[in-house]
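Asks: Here it is, the structure, as structure tokens.
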């Protein structure tokens, strides 16, 4: 039973043309009396200075560009799990991709990207041991994008997650 949006069905008295809610109270003037189970929504809901005519918020230009890139080129999420003090990797690099590679050549490319991503991380930590996570993230993202440009001929949306334990 939905108490937030009650169902306005026929009154058990079939001779009456009144509608009643699930608790038996007759409707007020402002309650809808249309099809059972549906309520009419206001025509001008969610309108404001930053709203589109349909009622959804307008996207900032950089978000719209990123979504277009994700739709055309694909998405790759690379996850590193490392130690807080020594910055050593505690597990293998995890990849999650959507729209990036075809299933028939996915395993080979996946293994190649994992190996290269691990090497990029280890080289960056060796060269700059006290690098901040923000700078490390930017550096690894650039390296992985270059690798993907060589392998696939396109640059998908790359997201890096560096978890420290």
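Asks: Take residue 107 and decide whether it is modelled with pLDDT of 90 or more, under 25 Å from the mean Cα position of the chain (by Cα) and assigned to a helix (DSSP H, G or I).
Replies: Criteria not met by residue 107.
Asks: Can you spot a residue in region 119-130 that is exposed (fewer than 15 other Cβ atoms within 10 Å of the Cβ), modelled with pLDDT of 90 or more and closer than 20 Å to residue 75 by Cβ?
Replies: Among the residues of region 119-130, not one is exposed (fewer than 15 other Cβ atoms within 10 Å of the Cβ), modelled with pLDDT of 90 or more and closer than 20 Å to residue 75 by Cβ, which makes the answer no.
Asks: Based on this model, can you work out whether residue 136 counts as assigned by TED's automatic domain parsing to the domain that holds residue 91, under 22 Å from residue 91 (Cβ atoms) and assigned to a helix (DSSP H, G or I)?
Replies: So residue 136 fits the description; yes.
Asks: Additional query: Go through region 144-160 residue by residue and tally those that are touching a residue at least 24 places away in the same chain (Cβ under 8 Å) and either surrounded by 14 or more Cβ atoms within 10 Å (Cβ to Cβ) or over 23 Å from the mean Cα position of the chain (by Cα) (or both).
Replies: 11
Asks: Also: Among residues belonging to region 54-94 that are touching a residue at least 60 places away in the same chain (Cβ under 8 Å) and assigned to a helix (DSSP H, G or I), point out the one that is surrounded by the most Cβ atoms within 10 Å (Cβ to Cβ).
Replies: My answer is 73.
Asks: Let me ask something else. Quickly run through region 100-118 and pick out the residues that are surrounded by 14 or more Cβ atoms within 10 Å (Cβ to Cβ) and without any contact (Cβ under 8 Å) to a residue 24 or more places away in the chain.
Replies: 110, 114
The values are calculated or read from the model by the stated rules, or taken from the named source; none is laboratory data. Note that the structure is a prediction, hence the values are computed from the model and not measured. Glycine gets a Cβ as well: all are built from the backbone with ideal geometry, and neighbour counts include every protein chain shown.
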